[in-house]
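Let me begin by presenting the structure, written as structure tokens, before commenting on it.
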Amino acid sequence: MSKSNTSSSWIAQFKPGDRVEVSSDDPGFRGSWFAGTVIRREAKNPNRYVVEYDQLYEDESGEKLLQETLDWIQLRPPPPPPEKKKKVQFKFGDEVEAFHSDGWWEGAITAEHSGGKFAVFFRGSKEQIVFEEKDLRLRREWVKGKWEPPFEQVQREKEVS
């Protein structure tokens, strides 16, 4: 992925084959991110991309992966994974993304349970669901080509030796 600076704003530029996560403003999907791959950039509008999802299909048969044409603002690279030798310690109140229904959904930890499980509340759907630690990641925003808060800073604050 490269970036383009224009007088009005920063614009991400993705290449065919780049891994991305896609956000949606559709009702019921706000605050979610779904994994996919950039297929191509639109020739007529270079700020739009055709993306094929990893786990969303065109129909109920599940035979053909869904492709959509999306604005660049709906795309971000996948966040870097935490270092294998360092463990993130989740706690009450953490803003997280939980893997649920084939995507990552923004929520907040509302309770810590035994066995490495956490209750996460989703503001959009007003649901609370319990997740295993492996299905959680710290929430951050992709802003002008950088993760906010910076990934390294969050890692340092959350690491457990």
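Structural remarks
- Any strands (runs of 3 or more DSSP E) falling wholly within the stretch 49-157 and containing at least 2 residues that are within 14 Å of the chain's Cα centre (by Cα): 95-100, 103-113, 136-138, 141-143, 146-148
- Taken over the stretch 12-28, the criterion of being surrounded by fewer than 16 Cβ atoms within 10 Å (Cβ to Cβ) and under 29 Å from residue 123 (Cα atoms) is satisfied by 19, 25, 26, 27, 28.
- Single residue of the stretch 49-62 satisfying the filter (at pLDDT 90 or above and open to solvent by 80 Å² or more (accessible area, probe 1.4 Å)) that is nearest to residue 140 (Cα to Cα): 55
- Comparison of 36, 62 shows that the only residue that is small (Gly, Ala, Ser) and on the phi > 0 side of the Ramachandran plot is 62.
- Taken over the stretch 115-130, residues that are at pLDDT below 95 and under 16 Å from residue 91 (Cβ atoms) amount to 2.
- In the stretch 30-48, of all residues being more than 12 Å from the chain's Cα centre (by Cα) and among the hydrophobic types (A, V, I, L, M, F, W, C), the one that is most open to solvent (accessible area, probe 1.4 Å) corresponds to 43.
- Filter pass, residue 102 being of a type in the set (D, E, K, R) and surrounded by 16 or more Cβ atoms within 10 Å (Cβ to Cβ): no
The values are calculated or read from the model by the stated rules, or taken from the named source; none is laboratory data. In this text the structure is predicted, and so the values were computed from the model without any measurement. Neighbour counts run over all protein chains shown; Cβ positions are idealised from the backbone, glycine included. For the accessible areas, the whole protein counts, side chains as well, though only heavy atoms, and no ligand, DNA or RNA atoms are used. Shrake-Rupley method; radii C 1.70, N 1.55, O 1.52, S 1.80 Å.
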